Amino acid sequence: KYRDAQNKVANDPKGSKLAAYADALEGGDAEKGRSLFLNNAAVYCQRCHKLDGQGGDVGPQLNGLAADPEKTRNYLLEAVVHPNAKIAKGYDTVILLLNDDTTVSGVVKAEDKKQLRLVTPENKELVIAADDIQRRRTGPSAMPDDLHKKLSRRELRDLVEFLASLKEPPKK
């Protein structure tokens, strides 16, 4: 299985970045991955991601994630170990310098000519008047880039297996 996973990574254009994690692509336990997602305080995925209607809005909703053919196991692994490689559409981070010289950052949830509504990495919603913004730039992913270092290799494999199992859309 490990050799098959290495071949999968090697055939991916970004394979070299993921080669060190090839063992996490296959063979995990989805139930253990679900438990890790819901209960592991070190990574606390649900602070930022919604699953079954529960969780934060900083990151994408995860129900139905694996139904998208572009969300391969390589994509899911890369999202955890290299979150800045591909930021999900609509979840780009902005960094704002305000007129009072304070800086705020978060994911834009709504914007018009008068104001901008964003969600901070702490999952707090801020509404900022457009006139209060001095400068704006794009920032890195809100997902910590060292998250995978808080997981054992087995846990990383279980998490990928769990994410790969999320084919059903959210329940209404």
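The values are calculated or read from the model by the stated rules, or taken from the named source; none is laboratory data. Fair warning: this is a prediction, and the values are worked out from it, not measured in the lab. Because the Cβ atoms are built from the backbone with ideal geometry, glycine has one as well, and the counts that use them run over all protein chains shown. All accessible areas refer to the heavy atoms of the entire protein, side chains included, with ligands and DNA or RNA removed. Shrake-Rupley method; radii C 1.70, N 1.55, O 1.52, S 1.80 Å.
Tabulated data for the structure shown
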| read-out | value |
| --- | --- |
| Residue that is most open to solvent (accessible area, probe 1.4 Å) [pool: residues in region 49-71 that are of a type in the set (S, T, N, Q) and in contact (Cβ under 8 Å) with a residue 60 or more places away in the chain] | Gln61 |
| Sole exception among (1) of a type in the set (Gly, Ala, Ser); (2) surrounded by fewer than 20 Cβ atoms within 10 Å (Cβ to Cβ); (3) touching a residue at least 40 places away in the same chain (Cβ under 8 Å); (4) closer than 18 Å to Gln46 by Cα for Ala88, by number | (3) |
| Odd one out for Leu97, checked against (1) under 17 Å from the mean Cα position of the chain (by Cα); (2) open to solvent by less than 40 Å² (accessible area, probe 1.4 Å); (3) of a type outside the set (Asp, Glu) | (1) |
| Among the candidates Pro170, Pro144, residue that is surrounded by fewer than 16 Cβ atoms within 10 Å (Cβ to Cβ), touching a Pro at 6+ places or on another chain (Cβ under 8 Å) and modelled with pLDDT under 95 | Pro144 |
| Test result for Asp100, part of a loop (DSSP other than H, G, I, E, B) and farther than 20 Å from Leu25 by Cα | yes |
| Condition met for Tyr75 (open to solvent by 30 Å² or more (accessible area, probe 1.4 Å), among the hydroxyl-bearing types (Ser, Thr, Tyr) and farther than 17 Å from Glu122 by Cα) | yes |
| Hits in region 117-153 - residues which are without any contact (Cβ under 8 Å) to a residue 40 or more places away in the chain and assigned to a helix (DSSP H, G or I) | Ala130, Asp131, Asp132, Lys149 |
